[in-house]
Amino acid sequence: MPLSNLAFRDIETVVHPYTNLATLRDTGSLVLERGQGIYVYDSDGKAYIEGMAGLWCTALGYGNEELVEAAAGQMRKLSFAHLFSAKSHDPAIELAETLKELAPVPISKVFFCSSGSEANDTQVKLIWYMNNALGRPKKKKIISRIKGYHGVTVASASLTGLPNNHIDFDLPIAGILHTGCPHHYRFAQAGETEEEFATRLAAELEALIETEGPDTVAAFIAEPVMGAGGVIVPPRTYFEKIMAVCTRHDVYMIADEVICGFGRLGHWFGSQALGFRPDGISVAKALSSAYVPIAGTMINETMYQALVTESQKIGTFGHGFTYSGHPVAAAVALKTLEIYRRDRVIEACAAKAPQFQARLSALADHPLVGEARGLGLVGGIELVADKPTKQSFDPKKGVAAYCVRAAEQNGLIVRFISGDVISICPPLIISAAEIDDMFDRLGRALDQTLDWAKREQLLAA
Ligand SMILES: Cc1ncc(COP(=O)(O)O)c(C=O)c1O
């Protein structure tokens, strides 16, 4: 198909994140123009179910007038104010209060920023700063997990455990270590139960800490359910065992709630769904339903006291972004949280999850699907060339990419992520009928992909 004028201009002007920039020159991009509810519309007027809530973030869908009004009202009142040098403003104060109230563990303070990457980068810097304040300057290493996703700034990309975020970016930086990925389907040993697998992963983490020296390991960071690494739900008992290891070695535990926070798993926070109590929390995305960028690094009292001590010693707490706690973003986030509470969005999510998960699980019967997995209103389906042996497709064949394009032909936006996994993560406001429609469309896309894969002889014989 010839490229539209917009698609052509796009190629000549925009560097696209997470895109093969060479093939983009031939294919062009899908140019979206507007959105309403769970639907977005392209520049030709074609409607799509936004089955990925943008990038796991547009929880309240599109065209929410209350959020638009919250932004416009704040822009009229005070369009910008910062939090540097002992300045503050109402929306930031109220938002921090609300987050403390909602937090699943005692949170002392919230540091605001604009993205998940910044929130996790801040976590790293604060850990280092805290341990200097506590007089243990050697305790600085941070452990994350293979396939974990924590963002793309230098420290966050180092935490991320995916090759594409490291190769030729000269990452990870020193002092960031990766431990095993809690994906039973791919990494359990033959005959290993979920509990046994969890026990082994916790033992591996402990062995890593002991080999490095517990006096050098400062923190551990994990998403409750891994998102971009493949929508990976950890095995039963995983977090309780991991937490015990962290506690034993005085390792500060950070929950990266950038995807799981605010209802995605049917609870306010993913750590509640998975049953663990972190020391610190990163939030972003659904915090404002992605109407404006805002994120937060939520810290405990020990961390806060250390920041006070250090800044007293140095003369200032030398960290902060121009847009830390931007009043417009804070006002929109406050309105978003108000809507979640008032409309019982989180409870509604929990109520819709069984239907979503039943439709997801049913896809496991499809000849292309090796595993269908998820929790709450997020799911992933892993496409394989051979179900019994779990043999993957040759990545160069682009099977998941084909499926994503087929879904788009069927009016559904989904994404392919690491390892031929198709991810599904609709706006939380999706209705029961829309969930069925979404999975019907995905089923048709899978069938079309299967026909193509057979024609191309990509399936194992
Ligand atoms: C769990 C998690 N952490 C951090 C990030 C990074 O957020 P951002 O892209 O806003 O920097 C993401 C983004 O998808 C994420 O899923």
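The values are calculated or read from the model by the stated rules, or taken from the named source; none is laboratory data. Keep in mind that what you see is a predicted model, and the values were worked out from it rather than measured. Cβ: placed from backbone, ideal geometry, glycine included. Neighbour counts: every protein chain shown. What goes into the accessible areas is simple: the full protein's heavy atoms, side chains included, and nothing from ligands, DNA or RNA. Shrake-Rupley method; radii C 1.70, N 1.55, O 1.52, S 1.80 Å.
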SASA check, Leu99, accessible area w/ 1.4 Å probe, all protein chains in place, rounded to nearest 10 Å², comes out at 0
Cα pairs beyond 36 Å in the chain, in percent, come to 28
The stretch 93-191: GluC sites (Glu not before Pro) in DSSP coil with no more than 10 other Cβ atoms inside 10 Å = none
State the extension gain, in nm to one decimal, for the chain segment bounded by Lys397 and Ala22, taking 0.36 nm per residue of separation less the distance between their alpha-carbons.
-> 133.4 nm
Determine the share of the chain's accessible area contributed by carbon and sulfur atoms, expressed in whole percent, with a 1.4 angstrom probe.
-> 55
Can you give the accessible area per residue of the stretch 104-225, in Å², using a 1.4 Å probe?
-> 39
Note to self: with every protein chain in place and a 1.4 Å probe, the stretch 323-461 gives an accessible area per residue in Å² of 40
Over the chain, what is the percentage of antiparallel beta bridges among all DSSP beta bridges, to the nearest 5?
-> 65
At most 14 other Cβ within 10 Å, DSSP loop - trypsin sites (Lys or Arg not before Pro), the stretch 314-372 | Arg344
HN-Hα J in Hz across the stretch 412-425 - Karplus 6.51, -1.76, 1.60, θ = phi - 60°, x for Gly and Pro = 9, 9, 10, 10, 9, 10, 2, x, 6, 9, 9, 9, 9, 7
State the volume of the convex hull built on the alpha-carbon positions of the stretch 325-461, expressed per residue in Å³ and rounded to an integer.
-> 126
The stretch 333-395 to the stretch 186-250: how many Å between their Cα centroids?
-> 23
Percent antiparallel among DSSP beta bridges confined to the stretch 186-290, nearest 5, equals 10
The answer for the longest stretch of the chain without any exposed chymotrypsin sites (Phe, Trp or Tyr not before Pro) (DSSP loop, at most 16 further Cβ atoms within 10 Å) is 170-316
Using the Cβ atoms and a cut-off under 15 Å, what net charge is assigned to the surroundings of Asn165, where Lys and Arg are +1 and Asp and Glu are -1?
-> -3
Let a ≥ b ≥ c be the square roots of the eigenvalues of the Cα gyration tensor of the stretch 149-220; is it rounded (a/c under 1.5), or, if not, prolate (a/b larger than b/c) or oblate?
-> oblate
Candidates per trypsin sites (Lys or Arg not before Pro) in the stretch 1-60, loop by DSSP, up to 15 other Cβ within 10 Å = Lys46
Of every Cα-Cα pair in the stretch 9-142, the percentage lying beyond 22 Å is 64
